[in-house]
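None of the figures in this text is laboratory data; all of them are computed from the coordinates on show. Since we're looking at a predicted model, the values are computed, not measured. Note that we place each Cβ from the backbone using ideal geometry, even for glycine, and neighbour counts take in every protein chain shown.
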Amino acid sequence: MSPRTVEHFADELRYTDLVAGYYLGASDELLSAIADFSAWFFAWDDRHDRDVVHGRLEAWRRLCTQLHGVLDAPHDHLRHPDPLVAALADCLARIFTHLTDTWNARFIEHFHPVVDAYDQEFRNRLHRTVPTVAEYIELRRLTFAHRLWIDLLEPTAGCELPNSLRNDHAFQRAALATQDFSAWYNDLCSLRKELAAGELHNLGISLACHEGLSTQEAVAEVHRRVSRCVDTFLATEPAVRQLADQVADATAQGARYAAAIRSCLFNMRNWFSSVYWFHHESGRYRVDRWDDPSTAPYIDEPGGRQ
């Protein structure tokens, strides 16, 4: 593509810039793969939206089946005729060269429910069903792919953490706070866009629909939850540092695990500023009109201009 085309359709959306701030320390090859994976997620989200708008149920079901197939055998789909399917296979094949087969298997185990959750959103939108707040929170933690982004902290640190450390209460609590912050802040910044598009999946929309809040009250409640995520992370951060100190010992393995935990915590913290920056720089969120429901305005005009 020409530099002008790249600027118009990619740079203004800032997709590949996003991960550079919260996977610091990753090799260039890994960072490139994660950045492409992040951009793929946005493309998949837009395909999901267009298939819903056009009522392409069979095409969507076929895509879900193909994506599950990619997860089970990425290298078998590198030349798939659907670019979205082939692109996921490419991203996974590159990501999977950085840690062990057990880490790769865990990542795939966490990914299959994400595809299923997107399918649930598809069915909700077809039937115009707004999930309750509790249902939405559970669904959003899957469609935002919380566990995948947390998993990717490990290859960035160059170390697969043992279950005893990765599943530590403080580690998981801090990680969840970063991801909930990111999901709810995305909802906050997406609300205007999603109301214009007739979307149903947004924490603010669930609050308004099921708890009787006005739009202004719903925005305030989402903002409160976003702020609480920051407070939770700050309160939990010392315990994760202590965990790293506890595993650090005179052995090379202990030092390696301690360094990996500190790297993960450092990049958890980076999620807050990176997500905040992205939502205020990307043209994806500068949208308040959606005249053609079949095509997102930011695809034609990345800056949200009409």
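Shape analysis of the range 12-286 places it in the oblate category; the axes a ≥ b ≥ c from the Cα gyration tensor give an a/c of at least 1.5, with a/b not above b/c. Applying both filters, DSSP loop and at most 10 other Cβ atoms within 10 Å, to the GluC sites (Glu not before Pro) of the range 169-222 eliminates every site.
Here the 3J(HN,Hα) profile of the range 199-204, calculated from phi with Karplus coefficients 6.51, -1.76 and 1.60 at θ = phi - 60°, is 6, 10, 9, 7, 4, x Hz, Gly and Pro shown as x. Among the trypsin sites (Lys or Arg not before Pro) found in the range 55-158, those both in a DSSP coil and sparsely packed, with 10 or fewer other Cβ atoms within 10 Å of their Cβ, are R79, R128. Each of H127 and D245 was given a label point 7 Å from its Cα along the Cα-to-Cβ line. The distance between the two points is 5.2 nm.
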